Amino acid sequence: LTQPVTPDLLVSPSSQDGDLGSECPEDRGNWTGRLDFLLSCIGYCVGLGNVWRFPYRAYTNGGGAFLVPYFIMLAICGIPIFFMELSLGQFSSLGPLAVWKISPLFKGVGMGTILIVSLVAIYYNMIIAYVLFYLFASLTSDLPWQHCGNWWNTDLCLDHHVIKTGNNSLPVNISNTVSPSEEYWSRYVLHIQGSSGIGDPGRIRWNLCLCLLLSWTIVYLCILKGVKSSGKVVYFTATFPYLILVMLLIRGVTLEGAWKGIQFYLTPQFDHLLSSKVWIEAALQIFYSLGVGFGGLLTFASYNTFHQNIYRDTFIVTLGNAITSILAGFAIFSVLGYMSQELGVPVNQVAKAGPGLAFVVYPQAMTMLPLSPFWSFLFFFMLLTLGLDSQFAFMETIVTAVTDEFPYYLRPKKASFSAVICIALFLMGLILTTEGGMYWLVLLDDYSAGFGLMVVVITTCLVVTRVYGMKRFCRDIHMMLGFKPGPYFRACWMVLSPATMMALLVYNIVKYQPSEYGNYRFPTWAEVLGILMGVLSCLMIPMGMLVAVLQEEGTLWEVGVQQASRPAMDWGPSLEENRSGMYVASLAGSQSPKPLMVHMRKYGGITSYENTAIEVDREMEEEDEEESM
């Protein structure tokens, strides 16, 4: 008896032997451990901002009352956009550039993302270099910023030990004095007195340059093998900060005067909730803390298996990030309360945000503790681990985005390409190691990820829900996770999230304030340069549109714009066994009128996920019937 012959119509041509296999690009790879993805996301989101921005934002915007708008904005803006980014990355297994096969007309959004991330990576690693500098400086018996009398100190320097041990009957006026830690930071580490402003960078500080080189070397070694290596490093860098944070918290709350600081941090002032500024500040904190729009979440999710439960992971990471911020506030303000009592000044006079907290106030507080070098080393080691895994994400985003665009050429040489990127960004960051480098860092910090990032996120949200279509996007998630997103997610994606981010964008433009560092005001040309940095990432979107339309044949609107806005033919899950339902028809060379039959014939029985695919096919047929009627 002859074997039954399967008609060619029911066989996917991609299953036939041929020369196509030799032309396939090298495999992207996946996470090697079950917790790699979750810990990488936690490490990426929980960064320096949780320690040096959230506590300060909380106490200046109503203390404990700030938590109300904070968690509301987390629900409206944070969680939905976070889940959307993870879904796009996991469904397509593509980086921030190639993922725009979903709508090639908007590929400029991906280019804008890469520009923003590159600028942020340059100055973020400089902050890590400062942390390394302080980390090495802590390896002494006496901290170098503990006393006055060093060559970098001025006559304004006042040692807090003098205040404490001096004659208490004579009040000391500290309003016109400078702490030893502040002069150590500005006059020794930065040597900012050698620069007259942003236009006069001065000489390179070689000790900072070496620290920057070391930080780039550490980053490169950790991303050398992509997610296979960085996924293992985060087991340490994402968990160890929590151990140190708990140690600092326990030490902080046992200090005299600690509760004074905590009370200052958490005392609710509900009248602040009537101010729009407080709600905007809460949304900004959520927006930047979770790292949405930078492409890191999308990149990490692209290395997941197709059915990874990112719905659960979304809530673990976003809520864990919020709890970490609150916990860090206790650790910081307990020490600031002790410090204010030691100096005899109110807490609001010692509280600062950003680099001022990390490199001036907290190091000064460390000098007041027994075993001060030990606590200082722990604090800066915590900052190092917090900063590194965020930097891993930035670098992985850039490398993955470009290698996914040119998989045949760059994937086999990913390690070499990563080295080229690291060297290029190191050379661009050399200006930050000069005596006037802090002015450039402030400029980059203020403008690189400002309104440009918001435009990118708003555009992404609108394209996915309105151009690609909410029904289609929910159907993709259904195919991937086995269930559709509920009304909460759909309402946020369609209305609440884009509306909130547009309000943020308008607020940022209306309330625009020129950059400044201390008493230094930036010149007009520096402001223009900063604004151009933000505008350039926005301009990538219309430039990308123009390129996409010109690549299409036909008239501008009828064919060009409409065709370029539709998903590319090969859009969908990257692995053949995951391309069920409508996506089987888009496999290379597929001719089958019944895509699901081909899929089932090739891969065997019906799994629970293929059951979902049958439902998806049925829904599509019903929708087609409704449209034809």
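The values are calculated or read from the model by the stated rules, or taken from the named source; none is laboratory data. Computed from a prediction, not measured in an experiment: that's the story for all the values here. Neighbour counts run over all protein chains shown; Cβ positions are idealised from the backbone, glycine included. For accessibility, only protein heavy atoms count, side chains too; no ligands or nucleic acids. Shrake-Rupley method; radii C 1.70, N 1.55, O 1.52, S 1.80 Å.
Computed with a 1.4 Å probe over protein heavy atoms only, the accessible surface of the chain comes to 43 Å² per residue. Among 481-487, 568-574, sorting by the average number of other beta carbon atoms lying within 10 angstrom of each residue, highest first, gives 568-574, 481-487. Per-residue packing, averaged as other Cβ atoms within 10 Å, sorts the ranges 269-276, 366-373, 443-450 into the order 443-450, 366-373, 269-276, beginning with the highest. Helices in the chain, meaning DSSP H runs of at least 4 residues, each add -39500 (n - 2.57). Divided by all residues, the mean residue ellipticity at 222 nm is -18500 deg cm²/dmol. Charge dipole (Cα centre; +1 on Lys/Arg Cβ, -1 on Asp/Glu Cβ; no other charges) of the stretch 193-334 amounts to roughly 460 debye.
Each residue of the stretch 261-268 was assigned a 3J(HN,Hα) from its phi angle through the Karplus expression (A = 6.51, B = -1.76, C = 1.60, θ = phi - 60°), giving x, 5, 4, 5, 6, 10, 4, x Hz with x at Gly and Pro.
Extending 7 Å from the Cα toward the beta-carbon at both VAL420 and ARG466 defines two label points whose distance is 3.9 nm.
Taking a 31 Å limit on the Cα-Cα distance, which of the listed pairs LYS107/LYS277; LYS101/LYS228; LYS260/LYS511; LYS225/LYS471; LYS101/LYS484 fall beyond it? Among LYS107/LYS277; LYS101/LYS228; LYS260/LYS511; LYS225/LYS471; LYS101/LYS484, the Cα-Cα distance tops 31 Å for LYS107/LYS277; LYS260/LYS511; LYS225/LYS471.
Across the stretch 459-469, rounded Karplus estimates of 3J(HN,Hα) from the backbone phi angles (6.51 cos²θ - 1.76 cosθ + 1.60, θ = phi - 60°) give 4, 4, 4, 5, 5, 5, 7, 10, 7, 5, x Hz, Gly and Pro being marked x.
Spin-label model, LYS511/PHE374: points 7 Å from Cα along the beta carbon direction are separated by 4.3 nm. In this Cβ point-charge picture (+1 for Lys and Arg, -1 for Asp and Glu), the chain has a dipole of about 1260 debye about its Cα centre. Remark: the stretch 210-249 is approximated by an ellipsoid whose semi-axes, taken from the C-alpha gyration tensor as √(5λ), come to 23, 16, 4 Å, largest first. Amide hydrogen proximity for VAL178: with H placed 1.01 Å from N in the peptide plane, the residues at 5 or more positions away or on another chain lying under 5 Å are CYS157, LEU158.
Ranked by the mean number of other Cβ atoms within 10 Å of their residues, highest first, the peptides 530-539, 502-511 fall in the order 530-539, 502-511. Couplings 3J(HN,Hα) for the stretch 225-234, derived from phi with the Karplus relation 6.51 cos²θ - 1.76 cosθ + 1.60 (θ = phi - 60°), are 10, x, 5, 5, 8, 5, x, 8, 5, 5 Hz, where x marks Gly and Pro.
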